[in-house]
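What follows is calculated from the coordinates using simple rules that are stated; it is not laboratory data. Note that the structure is predicted; figures quoted are calculated from it, not measured. Please note: Cβ atoms are built from the backbone with ideal geometry, for glycine as well, and neighbour counts cover all protein chains shown.
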Amino acid sequence: MIKPVELILAQGVGLSLVHIPAGEFWMGSDVWKWDQAPRHPVTLPEYWIGKYPMTVAQYAAFLSATNYPIRPAQIDQLAAKPDLPAANVSWIDAQAFCRWIAEEILPGMKQFKGCQARLPTEAEWEKAARGVDGREFPWGDQSPNQYRCNFGHGLGDSSPVGQFSPQSDSPYGCADMAGNVWEWTHSLYQPYPYRDNDGREAESASGERVARGGASYSPANFVRCSTRLHSDPDRAYLSHGFRVCVSPLRF
């Protein structure tokens, strides 16, 4: 396994990326059919993805460096604990953060020469969450409980990232991929099977975008690796955050 890489966003503020190797995995579910079927194989090239959802401290570093507009609902959040997941972030806001990483942070790293930073596709998100063995949850097939993730109003609100590590981490070492906050993906909400060349990854296309992982209020069935939520990309939701993906240019 390749060691995580740390991006430096500001003094004392880093962003840890974990490596996801190229290869095939099984996406979706034939048990929880609704919009998650059919279960189907998807092959992805290698990429890097945030070990944690984006934190308040990391998002604040972006706001400070770019003078990007602060939403009124974010003012209190930015004064809260720096290791809480950044929320009240729209899909458009998350994309702006990723462009900042691509334009200002990656050029200084030889390892990522020629790479782009963006939101993960929902296929990339799901592989990072469940690996290649088809597990239901990042840690395996055991049901969620108070020691594995923040769900079902158990903590009343979002919790610091990594609070449930390492026992709840995915096979690749990604944390908080079940519960806490929904995470925006790059993908338009469209039926399966997933194909990255069928228009669902077009950034200029209109339509709802997929969020993954569930939130602190979600019941156990909604924090499974295959669960999909579709949301308006223009809206900032209290329950929505994101993590960044870095990969060779794809879209």
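Residues being under 16 Å from Ala94 (Cβ atoms), touching a residue at least 40 places away in the same chain (Cβ under 8 Å) and surrounded by 15 or more Cβ atoms within 10 Å (Cβ to Cβ): count how many of those fall in the range 190-214.
5
Do you know which residues across the range 28-50 are crowded, with 17+ Cβ neighbours inside 10 Å and within 25 Å of Gly162 (Cα to Cα)?
Tyr47, Trp48, Ile49, Gly50
Quick test of your reading of the structure: His19 fulfils all but one of (1) buried (at least 20 other Cβ atoms within 10 Å of the Cβ); (2) under 16 Å from the mean Cα position of the chain (by Cα); (3) not hydrophobic (A, V, I, L, M, F, W, C). Name the failing condition by number.
Just one mismatch for His19, condition (1).
Within the range 121-130, is there a residue that is among the aromatic types (Phe, Trp, Tyr) and assigned to a helix (DSSP H, G or I)?
yes
If I go through the range 222-251 residue by residue, how many of them are of a type outside the set (D, E, K, R) and out of contact with any strand residue (DSSP E or B) (no Cβ under 9 Å at 6 or more places or on another chain)?
Matching residues across the range 222-251 total 1.
Looking only at the range 59-74, filter to residues that are of a type outside the set (Gly, Ala, Ser) and part of a helix (DSSP H, G or I); which one of those is nearest to the chain's Cα centre (by Cα)? Before you say what the answer is, go through the steps one by one.
The first filter runs over the range 59-74 and keeps only residues of a type outside the set (Gly, Ala, Ser), leaving 59, 62-63, 66-72, 74.
In the following step, the residues that additionally are part of a helix (DSSP H, G or I) were identified as 59, 62-63, 66, 72, 74.
On the way: Tyr59: 14, Phe62: 17, Leu63: 19, Thr66: 22, Pro72: 23, Gln74: 19 Å.
Looking at the filtered set, the residue picked out is Tyr59.
Which of the residues spanning the range 1-33 are without any contact (Cβ under 8 Å) to a residue 24 or more places away in the chain, closer than 17 Å to Arg243 by Cβ and not in a strand (DSSP E or B)?
none
Can you name the residue in the range 126-179 that is over 16 Å from Cys225 (Cα atoms) and hydroxyl-bearing (Ser, Thr, Tyr) and, of all such residues, is surrounded by the most Cβ atoms within 10 Å (Cβ to Cβ)?
The qualifying residue surrounded by the most Cβ atoms within 10 Å (Cβ to Cβ) is Ser158.
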